[in-house]
1. What number of residues within the range 19-33 are of a type outside the set (S, T, Y) and surrounded by fewer than 13 Cβ atoms within 10 Å (Cβ to Cβ)?
2. Could you list, ordered by first residue, the pairs with Cβ atoms under 8 Å in which the first is in the range 28-56 and on the phi < 0 side of the Ramachandran plot and the second is at pLDDT 95 or above and of a type in the set (K, R), at least 6 apart or interchain?
Amino acid sequence: MGLDDKVKHAAEEAQGKAKEGWGKLTDDERLEAEGKAQQTAADLKQAGDDVKDAFS
């Protein structure tokens, strides 16, 4: 798995955390949920990267 993919996925997770935090701060439930979903997607991608690395 390429390092740039890992960096992209980590950045996506960080963006999700920022969205979630901003949603909590501004009482924007939609933005908070969007941030949580983005973090989950990034976590799944990172898990996929780990599986690919294990078989490499």
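The values are calculated or read from the model by the stated rules, or taken from the named source; none is laboratory data. Just so it is clear, the structure is predicted and the values come from calculations on it, not from any experiment. Every residue, glycine as well, gets a Cβ built from its backbone with ideal geometry; the counts of neighbours run over all protein chains shown.
1. Number of matching residues: 4.
2. L31/K19; E32/K19; E32/K24; E34/K19; G35/K17; G35/K19; Q38/K19; Q39/K17
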